[in-house]
Amino acid sequence: MNLHSKLSKRVLLTFLGVSLAFAAPAAAQMQQPGQDKSIPLSKVERKNRAPVSKEILQVRLPKPTEATLENGLTVLILEDHRFPTVSVTLNIAGAGALYEPADLPGLATFTALLLREGTKTRDSKKMAEDVDRLGATLTASAPFGSAATAINASGLSDNLDEWFALLVDGLQNPAFPADELAKLKARLKVQARQVRSNPQFLVLERFNRAVYGNHPAATIFPSEASIDAMTPELLAKWHRERYAPQNAILGIAGDVNTKKLLAKLKTWLGGWAKTDLKEEMPQNPTPTAARKIFLVDRPGSVQTDVAIGNIAISRRDADYPAMMVMNRVVGGSPAARLFMNLREEKGYTYGVYSNFTALQYRGPWQAGGNMRSEVTEGAMTEFFKEFRRIREETVPAGELDEAKRSVVANFALSLEQPTTLLNYAITRKIYGFPADYWDTYPAKISAITADDVQRCAQKYINPDTIQVVAVGEAAKIKAMLEKFGTVEVYDIEGKPAALKPAATP
């Protein structure tokens, strides 16, 4: 893959990264046109024959060394000498898309992407060559929905000084060259047209608008007007005002000597000047008060892609452990209720899941997937059946235990990677969690009761106020959706639309 293709792919993923994570239920397991519909169902059976330990997982995560540089930068260093590699994550709060001017969506991401496309001492080609020569990686992103810009780098420990210098150069001396910006704008305009043929994008766009309303997280892609408006001066201004060390956390994990590295960091990052900027989060989004159904008309579609949900919790919410377990029961895995019902029993879909987003602001719980157009009504009926079931019936003890073990097991497996441990440490710092937060996490999950799950479901999964987004051929599925409420129809450009005749087979 050439540099042009790499950048093009990186651009699209950067813009959609966080938002697509929100839409995992609707996007992750969709059947695409042309897939073999004759593939039989897997007929998953729960045998409950695996040996199960009733002991609560006891862990003590290694704690990184924490320091604060004179410019206010927080540094977390986690030594791990098993491999001769180092990973670096720089989280710059206040520089994310949440803080962009309303008429300039994409400003944060344009700025992040141009960091490695030219500095005062290296042009784009030289930067790319140096990164490749050193066997390193260097990326920056500020996806929609994010409060921060993240710069990530990795490489070998024996040439850390050289590749870390590239990160510092991009961070402190970006040139935002006009020619590279023009190339990026041209690519984004092409991609802005291409994504409108993707049902996953259309579901995500309409769902975010439905649940977030006027909150900045409602936006998932820059408008053509905002792309045209980007200039090197705007990017430089955003960088100058928003890239502030006192709001940043630098995490480093791998084969390093903490004492020696801290001394180097004071030199390497000493020129990054402290500012007066303080991060102030936008007001929390609020859940919608009535059920609404949005249909994006995509003529010719042979399937319906759906996302169903509403605003739920933030990451600091005390309900987070209960939400983890409740979500696992409803749709968080192929053994969950939605999958077993809609795929295994009814054969409506190849995949259906639920997920929830909990960040510094409240995000949605949502369920979704895709199904053949002709079974849209049946699938919707089963979605709402499962929503009522989790609210009205106590989860059986065996199913609850299975869900809790699954959550804890996934957490345990994640601890094998030093970068994951580093990310856990950064998360703890961002949210102000206590030092033993992750050590006690398995116990918190294990302590969740059936009453906790039901209370959580009753609080956050309300069929009367839930938002429904469907993408498909309106002439085929509108009447089916109307059985669940009044339907608003939009075209693939996001504009209100009149119903079109069904396509001729």
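Derivation of every value follows stated rules applied to the coordinates shown; laboratory data play no part. As the structure is a computational prediction, the values presented were derived from the model and not from experiment. FYI the Cβ positions are ideal-geometry reconstructions off the backbone, even for glycines, and counts take in every protein chain you see.
Region 460-491 and region 328-349 have Cα centres lying 21 Å from one another.
Under a 5 Å amide H cut-off, with hydrogens placed 1.01 Å from N, LEU295 pairs with ALA470, GLU488, VAL489, TYR490 among residues at least 5 apart or on other chains.
Per-residue 3J(HN,Hα) values for region 430-439, derived from phi via the Karplus relation 6.51 cos²θ - 1.76 cosθ + 1.60 with θ = phi - 60°, read 4, 8, x, 6, x, 4, 9, 4, 6, 5 Hz in sequence order (x marks Gly and Pro).
Cross-link partners of LYS266 among aspartates and glutamates, defined as those whose alpha carbon lies under 17 angstrom from its own and excluding same-chain residues fewer than eight positions apart: GLU66, GLU70, ASP161, GLU162, ASP169.
This structure gives Cα extents along the principal axes in Å, computed directly, and of (1) 78, 53, 48; (2) 64, 56, 42; (3) 91, 51, 37 that value is listed as (2). The alpha carbons of region 284-490 occupy a box of 56, 36, 32 Å along the principal axes, longest dimension given first.
Taking the empirical scaling 2.2 N^0.38 Å for compact globular proteins as reference, region 287-358 has a Cα radius of gyration ratio of 1.32. Here region 156-171 is scanned for amide nitrogen atoms under 12 Å from the site 7 Å beyond the Cα of PHE83 along Cα-to-Cβ, giving 156-157. Here r is the Cβ-Cβ distance between ASP161 and ALA186 and R0 is 45 Å; the resulting FRET efficiency, rounded to 0.05, is 0.80. Taking the number of Cβ atoms within 10 Å of each Cβ as an exposure proxy, the fewest-first ranking of VAL329, VAL256, VAL59 is VAL59, VAL256, VAL329. For PHE176, no residue has an amide H sitting under 5 Å from its own, ignoring neighbours fewer than 5 places away on the same chain, with H placed 1.01 Å from N. About its Cα centre, the dipole of the chain is roughly 400 debye, where the only charges are +1 on Lys and Arg Cβ and -1 on Asp and Glu Cβ. Of the GluC sites (Glu not before Pro) found in region 413-505, the ones in coil according to DSSP and having at most 15 other Cβ atoms within 10 Å of their Cβ are GLU416, GLU493.
Across region 473-488, computed HN-Hα scalar couplings (Karplus, 6.51 cos²θ - 1.76 cosθ + 1.60, θ = phi - 60°) run 7, 4, 4, 8, 10, 4, 4, 5, 5, 5, 6, 10, x, 5, 10, 9 Hz from first to last residue, x flagging Gly and Pro.
Under the classification rounded if a/c is under 1.5, otherwise prolate if a/b is larger than b/c and oblate if not, where does region 89-186 fall, given a ≥ b ≥ c as square roots of the Cα gyration tensor eigenvalues? Judged from the Cα gyration tensor, region 89-186 comes out oblate (a/c at least 1.5, b/c at or above a/b). So which of LYS237/LYS274; LYS292/LYS385; LYS63/LYS274; LYS63/LYS259; LYS185/LYS237; LYS183/LYS274 end up more than 21 Å apart, counting from Cα to Cα? The pairs that break the limit, which is 21 Å between Cα atoms, are LYS63/LYS274; LYS183/LYS274. Placing pseudo-labels 7 Å out from each Cα toward the beta carbon at LYS120 and ILE56 gives an inter-label distance of 5.5 nm.
Phi-derived couplings, Karplus 6.51 cos²θ - 1.76 cosθ + 1.60 at θ = phi - 60°, listed residue by residue for region 177-187: x, 4, 5, 5, 5, 4, 5, 5, 4, 4, 5 Hz, with x used for Gly and Pro. Computed from the C-beta positions of ALA435 and ARG240 and an R0 of 41 Å, the FRET efficiency is 0.70 to the nearest 0.05.
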